[in-house]
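Asker: Can you keep this structure in mind? I'll have questions shortly.
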Amino acid sequence: MNAKILETENVTVSFDGFKALNQLNFSMDLGELRVVIGPNGAGKTTFLDVITGKVQPTIGRVLFKGKNLRSLPEHQIARLGIGRKFQTPRIYLNLTPRENLEITSNRNKNAFSTLFGRPDAAEKNSIKGLLETIGLTIKADIPATLLSHGEKQRLEIGMLVAQSPDLLLVDEPVAGLTDEETYNIGELLLALAQNHSILVIEHDMEFVRQIARKVTVLHEGSVLCEGSFEEVQNDSRVIEVYLGQQQE
Ligand code: ADP
Ligand code: MG
């Protein structure tokens, strides 16, 4: 059996009695790329909040590599190796993509190497490689403010990777992107999935079709069903909960 990188056991999150997550049981394997979908209000963002420690489960527990995360503060959970990309990019617009990546990877080094300035050769190589992976080599030295929305998203994914987390959490990375930019993000996540465990929350079904291996459908705070993209797409319960949303 594969080692589990993430498990939730019976996780319930109540907000004044309203259950945003309701006895949620979920697990993913080390090295897996998992996509979580579900209609608006299904609890997707709350699910990420409960993994990162932003929200505590009212009942149940979250295990990361077998370790119970209960009561750990967010920064400590991040340090254990869980990185999160939020919906809107949080990059330094006045700095270049290269500088953005340098800052992020420096932050994770010991203070000693940062004190003496200049990134060392190995790090330069890894930043060079990362710029290639995110497709920003030719734009590496222009202010990030000049990047398109999709390029900013790719840069932020690069910054997440620069922190070397064991698990990457990515919340709706293609919201508001053009088809071409959406496709690029998909290819980037597929490339990263070769050596990372990634949990992606997404709405855009074309995008899910592009990247999906195993898909989990959340509905009213619980897992409605799980399977391949085709299995999930043809599941009558899934069709039912999505029907009300199609007209949006
Ligand atoms: P999704 O990301 O799937 O759209 P959310 O996790 O954001 O769903 O929200 C799930 C449900 O929980 C929604 O009905 C939302 O209104 C509610 N909710 C989320 N956060 C809070 C909160 N802090 N207080 C009260 N209700 C919340
Ligand atoms: Mg959400």
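The values are calculated or read from the model by the stated rules, or taken from the named source; none is laboratory data. Only a predicted model underlies this, so the values are computations on that prediction, with no experimental measurement involved. Methodologically, a virtual Cβ is constructed for each residue, glycine included, from the backbone with ideal geometry; neighbour enumeration extends over all protein chains shown.
Asker: Given the criterion near ligand 1 (Cβ under 10 Å from one of its atoms) and under 19 Å from the mean Cα position of the chain (by Cα), identify the matching residue among LEU33, LEU21.
Answerer: Values: LEU33 fails: near ligand 1 (Cβ under 10 Å from one of its atoms).
Among LEU33, LEU21, only LEU21 is near ligand 1 (Cβ under 10 Å from one of its atoms) and under 19 Å from the mean Cα position of the chain (by Cα).
Asker: Quick check on this structure: which one of PHE26, PHE47 is under 15 Å from the mean Cα position of the chain (by Cα), closer than 21 Å to CYS225 by Cα, modelled with pLDDT of 95 or more and aromatic (Phe, Trp, Tyr)?
Answerer: When all the criteria are applied, what remains is PHE47.
Asker: Further question on the same structure: Considering GLY176, GLY158, GLY135, which residue is on the phi > 0 side of the Ramachandran plot and either within 16 Å of ligand 2 (Cβ to nearest atom) or part of a helix (DSSP H, G or I) (or both)? Give the derivation first.
Answerer: Numbers: GLY158 fails: on the phi > 0 side of the Ramachandran plot; GLY135 fails: either within 16 Å of ligand 2 (Cβ to nearest atom) or part of a helix (DSSP H, G or I) (or both).
Selected residue: GLY176, the only one of GLY176, GLY158, GLY135 that is on the phi > 0 side of the Ramachandran plot and either within 16 Å of ligand 2 (Cβ to nearest atom) or part of a helix (DSSP H, G or I) (or both).
Asker: All but one of (1) part of a strand (DSSP E or B); (2) more than 16 Å from the chain's Cα centre (by Cα) hold for HIS75, so report the exception by its number.
Answerer: Exception for HIS75: condition (1).
Asker: Going through GLU240, GLU206 one at a time, which residue ends up being away from ligand 2 (no atom under 16 Å from the Cβ), more than 27 Å from GLY81 (Cα to Cα), touching a residue at least 24 places away in the same chain (Cβ under 8 Å) and assigned to a helix (DSSP H, G or I)?
Answerer: After ruling out the rest, the residue left standing is GLU206.
Asker: What tally of residues in the range 41-72 results from selecting those that are away from ligand 2 (no atom under 14 Å from the Cβ), closer than 29 Å to ASP204 by Cα and either among the β-branched types (Val, Ile, Thr) or not in a strand (DSSP E or B) (or both)? Give the steps one after another, and end with the answer.
Answerer: Start the filter on the range 41-72 by keeping residues that are away from ligand 2 (no atom under 14 Å from the Cβ), which leaves 53, 56-72.
Add one more test, that the residue is closer than 29 Å to ASP204 by Cα, and what stays is 53, 56-57, 62-64.
When the remaining residues are screened for being either among the β-branched types (Val, Ile, Thr) or not in a strand (DSSP E or B) (or both), the result is 53, 56-57, 62.
The qualifying residues number 4.
Asker: Go through (1) modelled with pLDDT under 95; (2) assigned to a strand (DSSP E or B) one by one and return the number of the condition LYS19 breaks.
Answerer: Single failed check for LYS19: (1).
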